[in-house]
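Worksheet for the structure shown next.
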Amino acid sequence: MTMIAASAKIHPLAVVEDGAVVGENVVIGPFCCVGPKVVLHDEVELLPHAIVTGLTVIGRGCSIFPNAVIGGDPQSLHHDGVETTLTVGEKCTFREGVTVNTGTTGGGGKTVIGNNNLFLANSHVAHDCILGDNIVLSNSVMLAGHVIVEDRVIIGGGSAVHQFTRIGRQAFIGGLSGAANDIIPYGMLHGIPGVLNGLNVVGMSRAGMDKATIHRVRRAYKQIFESEGAIRSNAAAIRDEYADCAPVIEILDFIAADSDRALSSPGRGKG
């Protein structure tokens, strides 16, 4: 049975299928389609021609623009048709033509998006991706399946991210780049194939990191990536030196973690 709050505003030319849950002050414009297993929390707005389908939950205050398709089936040859999920947090904006897919059975069965994220026109989030908060995907960014994007990441227009790649917190990927390997927290990546090109110092400063801490992170970066020896060995060797510096420890933990991908580096091979 459809549950529609009395305060919701649904255009007569919209289709809200039986079984959908529509919260308080939701606005659904003309020619929108809302599937039977969709939950739209309070204050969600669907502009004309937006589609929300699948077993999908959209958090409070999200906006979905024309021709976006949120909750479509995964684009995977291994998808077995079993119902999987998409969960979106609060205050996310999906601009024109954005596509976001549900998960796959083999990949955990869920795609998860956090809060306050901005997806610009024609960007794509594939099956089983896990995204944090305050992320920006610029126009035509493509995330393949199983990608993990941590908080405050910015990805420039036209960039593509390989499946199973991890992107660390507050990393920056320049436009028209190809991210085929993991990117450390605070890292900057440019080019095809993508090469690590220092740290996102501007983003670190804007996030409130003080100059002394930024200086220590930059010094640690040089020790890890510019010293002789393997990246992971270099990272392990400096852990005690930076035990009191949380951002450096964050980078070291990221490097030490298990992953399906190699580490992006400044022109070197696998870490």
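Mind checking whether some residue in segment 112-132 is more than 18 Å from Pro185 (Cα to Cα), part of a strand (DSSP E or B) and in contact with a His (Cβ under 9 Å, 6 or more places away or on another chain)? No, the conditions are met nowhere in segment 112-132.
Does Ala207 fit the bill of being under 12 Å from Pro247 (Cβ atoms) and small (Gly, Ala, Ser)? It would help to see each step written out before you state the result.
Working: under 12 Å from Pro247 (Cβ atoms): yes; small (Gly, Ala, Ser): yes.
So Ala207 fits the description; yes.
With respect to the conditions (1) within 24 Å of Met204 (Cα to Cα); (2) surrounded by fewer than 19 Cβ atoms within 10 Å (Cβ to Cβ); (3) under 25 Å from the mean Cα position of the chain (by Cα), Asp260 lacks only one, and its number is (1).
Here's the yes/no breakdown for (1) aliphatic (A, V, I, L, M); (2) over 22 Å from Thr104 (Cα atoms); (3) in contact with a Pro (Cβ under 8 Å, 6 or more places away or on another chain):
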{"position": "His11", "(1), (2), (3)": "no, yes, yes"}
{"position": "Glu24", "(1), (2), (3)": "no, yes, no"}
{"position": "Cys33", "(1), (2), (3)": "no, yes, no"}
{"position": "Val44", "(1), (2), (3)": "yes, yes, no"}
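Scanning segment 118-141 for residues that are in contact (Cβ under 8 Å) with a residue 24 or more places away in the chain and either of a type in the set (Gly, Ala, Ser) or not assigned by TED's automatic domain parsing to the domain that holds Leu55 (or both) yields Ala121, Ser123, Ala126, Gly132, Ser138. Flag: Ser205 matches the condition of being out of contact with any strand residue (DSSP E or B) (no Cβ under 9 Å at 6 or more places or on another chain) and either in the same structural domain as Val141 (by TED's automatic domain parsing) or not aliphatic (A, V, I, L, M) (or both).
Residue by residue, here is whether (1) under 20 Å from the mean Cα position of the chain (by Cα); (2) part of a strand (DSSP E or B) holds:
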site	(1), (2)
Pro30	no, no
Pro36	no, no
His49	no, no
Val57	yes, yes
Pro74	yes, no
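Please specify each residue of segment 2-41 satisfying the condition of being under 16 Å from Gly54 (Cα atoms) and among the hydrophobic types (A, V, I, L, M, F, W, C). Before the answer, list the steps.
Going through segment 2-41, the residues under 16 Å from Gly54 (Cα atoms) turn out to be 2, 15-22, 32-41.
Matches in segment 2-41: Val15, Val16, Ala20, Val21, Val22, Cys32, Cys33, Val34, Val38, Val39, Leu40.
Consider Asp80 carefully, then state whether it is surrounded by fewer than 17 Cβ atoms within 10 Å (Cβ to Cβ), modelled with pLDDT of 95 or more, of a type outside the set (Lys, Arg) and at negative phi. No: the conditions fail for Asp80. Look at (1) under 24 Å from Asn115 (Cα atoms); (2) surrounded by 21 or more Cβ atoms within 10 Å (Cβ to Cβ); (3) of a type outside the set (Lys, Arg) and you find that Ala5 fails only one, number (2).
Pairs linking a residue in segment 6-19 that is free of Cβ contacts under 8 Å to residues at least 40 places away in the same chain and farther than 12 Å from Glu45 by Cβ to a residue that is basic (Lys, Arg) and part of a loop (DSSP other than H, G, I, E, B), with Cβ atoms under 8 Å and 6 or more positions apart or on different chains, are Gly19/Lys37.
The values are calculated or read from the model by the stated rules, or taken from the named source; none is laboratory data. Because the structure is predicted, anything quoted here is derived from the model rather than measured. All Cβ positions, glycine included, derive from the backbone under ideal geometry; neighbour counts span all protein chains shown.
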